[in-house]
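Below is one structure; the comments refer to it alone.
The values are calculated or read from the model by the stated rules, or taken from the named source; none is laboratory data. Computed from a predicted model, the values in this text were never measured in an experiment. All Cβ positions, glycine included, derive from the backbone under ideal geometry; neighbour counts span all protein chains shown. With ligands, DNA and RNA removed, areas are computed over all heavy atoms of the protein, side chains included. Shrake-Rupley method; radii C 1.70, N 1.55, O 1.52, S 1.80 Å.
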Amino acid sequence: MTLPSEALIRASMTAARGMADRNTPLIFNEWYVAAFGAELDRDLLKRRILGRNLVMFRTRAGIPVALDDRCAHRSFPLSAGRLDGDTLVCGYHGFRYDAQGDCIEVPSQTRCPPGIGVRKFATAERGPLVWIWMGDARRADEARIPHQPWLSSSDWARSQGYFALAASYVTLHENLMDLTHLSFLHAGSFGTADYARAPYEAKLEEGHFTLTRRVVPTRLPPVWAQPTGILGEQAARITTSEFLSPGLHQVSAKFYDQSLPADRRHEFQIRTAHIPTPESQASTHYFIVHGRDFALEQDEVTRFMHEQLFEAFQEDVVGLTALERVLAEAGPDAYEISVASDGPAVAMRRYLKQRSDAEHAAGRGVRPEGAAG
Amino acid sequence: MTLPSEALIRASMTAARGMADRNTPLIFNEWYVAAFGAELDRDLLKRRILGRNLVMFRTRAGIPVALDDRCAHRSFPLSAGRLDGDTLVCGYHGFRYDAQGDCIEVPSQTRCPPGIGVRKFATAERGPLVWIWMGDARRADEARIPHQPWLSSSDWARSQGYFALAASYVTLHENLMDLTHLSFLHAGSFGTADYARAPYEAKLEEGHFTLTRRVVPTRLPPVWAQPTGILGEQAARITTSEFLSPGLHQVSAKFYDQSLPADRRHEFQIRTAHIPTPESQASTHYFIVHGRDFALEQDEVTRFMHEQLFEAFQEDVVGLTALERVLAEAGPDAYEISVASDGPAVAMRRYLKQRSDAEHAAGRGVRPEGAAG
Amino acid sequence: MTLPSEALIRASMTAARGMADRNTPLIFNEWYVAAFGAELDRDLLKRRILGRNLVMFRTRAGIPVALDDRCAHRSFPLSAGRLDGDTLVCGYHGFRYDAQGDCIEVPSQTRCPPGIGVRKFATAERGPLVWIWMGDARRADEARIPHQPWLSSSDWARSQGYFALAASYVTLHENLMDLTHLSFLHAGSFGTADYARAPYEAKLEEGHFTLTRRVVPTRLPPVWAQPTGILGEQAARITTSEFLSPGLHQVSAKFYDQSLPADRRHEFQIRTAHIPTPESQASTHYFIVHGRDFALEQDEVTRFMHEQLFEAFQEDVVGLTALERVLAEAGPDAYEISVASDGPAVAMRRYLKQRSDAEHAAGRGVRPEGAAG
């Protein structure tokens, strides 16, 4: 038995100190998806994001609102109260808040004391998604919301889903960045054996990391073979994993029949927005929007692909949950060894670590307003 | 948006440091209710009080006994053993204890070694309640047991109930002290909208805090309108919340038809003893005795009121459990803002904090005998 | 009430500091049973031992293998992967390990990087048991595996069972060393009232502690009365509790009809190997092998005794689980008082404490490889 090399272990442990993992404090100065727009209406939605409990709803005019889910008086969850027009009435002693989070009525006194309120968080609705900014309110710049036109374009057909993932958002990002796992974790769904061995190309830019794999020729799994009609061994499958922000990872793929001459090929495109919003350091709201640029009117194709894909994504959820348990139980001698194709994942984890360090080393601005992860 | 005022938050945080909350160590030198008398018989009752496991039973003569639920030999729970006359035999190696907690037999030896025993706690039965003293045994003065004659008087009809409350006893006391919550938490049961806005009067004495609300005129909720026959809008409802000790809060109410001349009015009285016994800092045995001074012989009135009231008390249990979860998850930036009608509650929480500080700052006497909260 | 004597409590607390309990770090440099041989085959078995997750299987040649259940790449549990011949393929990104724990394939690259591997633990199969060494690999000496020929001898008939015990292995050892508990915990199964009062003899040697009880004359419980035919009050029952190692305790008993003259007596022997393997400090894999030297061919006797005995062992599991909860909730004032017949148990706990101290005080060698208990 060759024990794992001591030098390798030491090097890995040193490298790990520069990489984000489940113990890394969360990043607050970032846009995350708080909810699908379709989830918000005139009912109160309770959701924990970045370790902080929020209550969300829409005003009568349809504007999304996100407030601290904690009455300023005696901490009762506002989500257990009720909407009255555009005001929110606490279910304990009736303190009333407007949609800005300002307290405008204390029932036991005629005049509402000034200066009472709960924090309101900036939100912005873009296509099917409602984004939220939980960090320093002065830095909430909507121009920084990742822009993906296909999410609301009529040239794409879409479906969406959600998983409550009992794992760190860091491992979800890493999962998506290294799709060699398709050949193993998804061997029975949308992975094929040749996937992990295909040539790849990585691009590392500050806060933007991509890895593209060309599997040519290959046989497509049924989820794409059937709707595209590319049934044989002569398919091309070119997939790009793309880290766009701590709150958004996008996978883009194109398929064509590479046995046809180049000028007669039709390229079919699919995209998946994988949207991890940390609930806590150890749990993640995993929103997913999947789209295609073909067979736009065919609802049965939407249903077929949705079923097939979300079954595969469920494999990720099961796998990452098992992984989270291993990491949570890790002793001080635990280590991870990276190989060449981990380049973009390692760069991404270093970036997340730097973002976290920058916020939390400062120890001001965000922390007084942010809750424990 | 007016963020909550920074000055107000700072002032609130400063004030909070002087007030008891779920993180405040429990008070041991106090009488608490250990059980309803009706719960104790010749079976062994296991119950955790102030973070300490007890075993309770009645001797053949009917005297309540409370002992540490932990054999002095190898810590086996005595509640898993059996009563043999007035002795308790451990279910592991058969060590036998008398009703004083003294070990009187070790089966593996002819002569019982001297000086072995488990701690016995002072108990006192008063009406339907069995009180216990868990603190410094030398200070267990029965004269300090809160005296409420109505609890055993034949001039009152009573019913009783119990909730295992997953919340701090401090928040239960505060809930009871600020009954403006009747208009909101109990809007569907015994609260009415005008309750929270009614004039009130507070009285703050050392360890004795009251708040009286006069809701006149009002409409009584069915629980009282029906048995008293005061059905219209012309009722008077005068309620006093009264903190009597860390282990007892009493609510007294009277009702009359204020449309009648003063000399023709009949006053109906109800009382509720709300009895919080901390199981731990985060959980509470919530005993309740409710009584009335009218319709004494009518069991169907007892049943009707019991059902209605305990449904409402269940709303408190649900609400306080939700509140406990918020408080348990609170980040370092959490704060609570008090308003005028919180005066007695704030004074009460300061009193509990001083009592706790006095015991635990001393760091002796109680702690060596008391277990972790 | 005589409170437990202060002097006695102080003496007990002082003594306790030298004795192992549930808070004592586990001992790594020892052979423990990892599994019954019958549990291991070509499926992957996941098991946590000494706070460390292992994956176990047999090679095609039948050799037991135990590896760290954590891929060296991204920590995925190898037990969620699959066997391919004598190699283990990770279910996440397909890293392949041989039966030595060496990584021999990384799918995304042509050449496997050198020096990657997971730790393999020494194992040794003896009769029905597979032993494992989790400590310093250089000290894994098979000669130190406790040798018990009856476990594989054809002169004995055997049956075996397993309990997942939610309690410390220390309390299990102590339970076995002090069989006075048979008269109480097992009053309804294989205990009799006279057992606890019988004369006993203790032998204390370094790492080897025995206590022998002679219950003569007595009535055997049905589990032995029936198969031996010794039905009256004239039985002899001589039982030895024997601590052989932190991972093995053996109980040996013989029975005969003492009303017969010595030269006409037949001695019936039974033995039970009680095999505690710590899963963590607070939980134990409790393997049991029971054997007899009579009625070897009679399967119905095996079935009858197995049912009776494992019902009694289940009483230990229930009792020790209740005890563990008491110990886990213990406050700083908790104490245990020992009596004369606890001598071997106390010596055994001192021995375990010294073994643990010796390993963990050193703070090197074992800890870097061992995980948190």
*Could you tell me which of B:Val289, B:Ser245, B:Trp31 has its Cα farthest along the dipole of chain B towards the positive end, charges placed at Cβ (Lys, Arg +1; Asp, Glu -1), taken about the Cα centre?*
B:Trp31
*Find the sum over both chains of the accessible area lost when A and C are paired, probe 1.4 Å, and report it in Å² to the nearest 100.*
3000
*Provide a whole-number value for the mean count of partner chain Cβ atoms within 10 Å of the Cβ atoms in peptide A:190-199.*
2
*Subset of C:Lys120/C:Lys353; C:Lys46/C:Lys353; A:Lys46/A:Lys120 violating a 19 Å alpha-carbon distance limit*: C:Lys120/C:Lys353; C:Lys46/C:Lys353
_Solvent-accessible area, 1.4 Å probe, carbon plus sulfur percent, for the stretch A:161-301_ = 49
*Once phi is turned into ³J(HN,Hα) by the Karplus curve 6.51 cos²θ - 1.76 cosθ + 1.60 with θ = phi - 60°, what whole-Hz value does each residue of the stretch A:183-194 show in order, with x for glycine and proline?*
6, 10, 5, 10, 4, x, 10, 9, x, 10, 4, 6
*Between A:Ile104 and residues 5 or more places away or on another chain, which pairs have amide H atoms under 5 Å apart, with H built 1.01 Å from N, and which residues are they?*
A:Arg96, A:Tyr97, A:Asp98
*Partner chain coverage, peptide A:40-53 - average Cβ within 10 angstrom*: 1
*Could you work out the mean count of beta carbons from other protein chains within 10 Å of each residue's beta carbon in A:99-112?*
4
*With a probe of 1.4 Å, find how much accessible area the protein assembly as shown has per residue, and write the answer as a whole number in Å².*
39
*Hey, any idea what % of the stretch A:1-160's accessible area is carbon plus sulfur with a 1.4 Å probe?*
50
*asked:* Only bridges whose two residues both fall in chain C count here: according to DSSP, what percent of them are antiparallel, nearest 5?
replied: 100
*asked:* With θ taken as phi - 60° and the coefficients 6.51, -1.76 and 1.60, list the Karplus ³J(HN,Hα) couplings across the stretch A:236-245 in order, rounded to whole Hz; mark glycine and proline as x.
replied: 10, 9, 10, 10, 10, 8, 9, 7, 9, 6
*the stretch A:146-242: which GluC sites (Glu not before Pro) are DSSP loop and have at most 16 other beta-carbon atoms within 10 angstrom?*
A:Glu206, A:Glu233
_7 Å from Cα along Cα→Cβ at both B:Ala38 and C:Ile63: what's the point-to-point distance in nm?_
7.1
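Loop only per DSSP, at most 10 neighbouring Cβ atoms within 10 Å: give me the GluC sites (Glu not before Pro) in the stretch B:243-314, ordered by residue number.
Values: sites: B:Glu267, B:Glu279, B:Glu297, B:Glu300, B:Glu307, B:Glu311; in loops: B:Glu267, B:Glu297.
Counting only loop positions with at most 10 other Cβ atoms within 10 Å, the GluC sites (Glu not before Pro) in the stretch B:243-314 are B:Glu297.
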*Could you work out which residue, out of B:Leu44, B:Leu260, B:Leu88, moves most in a Gaussian network model of chain B, that is, has the largest mean-square fluctuation with Cα springs under 10 Å?*
B:Leu260
*Rounded to the nearest 500, what is the 222 nm mean residue ellipticity of chain B from helices alone, with -39500 (n - 2.57) per DSSP H run of 4+ residues and division by all residues?*
-7000 deg cm²/dmol
_So if I take the centroid of the Cα atoms in the stretch A:108-151 and the same for the stretch C:324-351, what is the distance between those two points in Å?_
57
*For B:Glu233 and B:Ala361, compute 0.36 nm times the residue count separating them, minus their Cα-Cα distance, and round to one decimal in nm.*
40.8 nm
*Amide H within-cut-off set for B:Ile337, under 5 Å, with H built and near neighbours excluded*: A:His73
*From phi via Karplus (6.51, -1.76, 1.60), per-residue ³J(HN,Hα) for the stretch C:307-320 in Hz, x at Gly/Pro*: 4, 5, 5, 6, 5, 5, 4, 4, 4, 5, 4, 4, x, 5
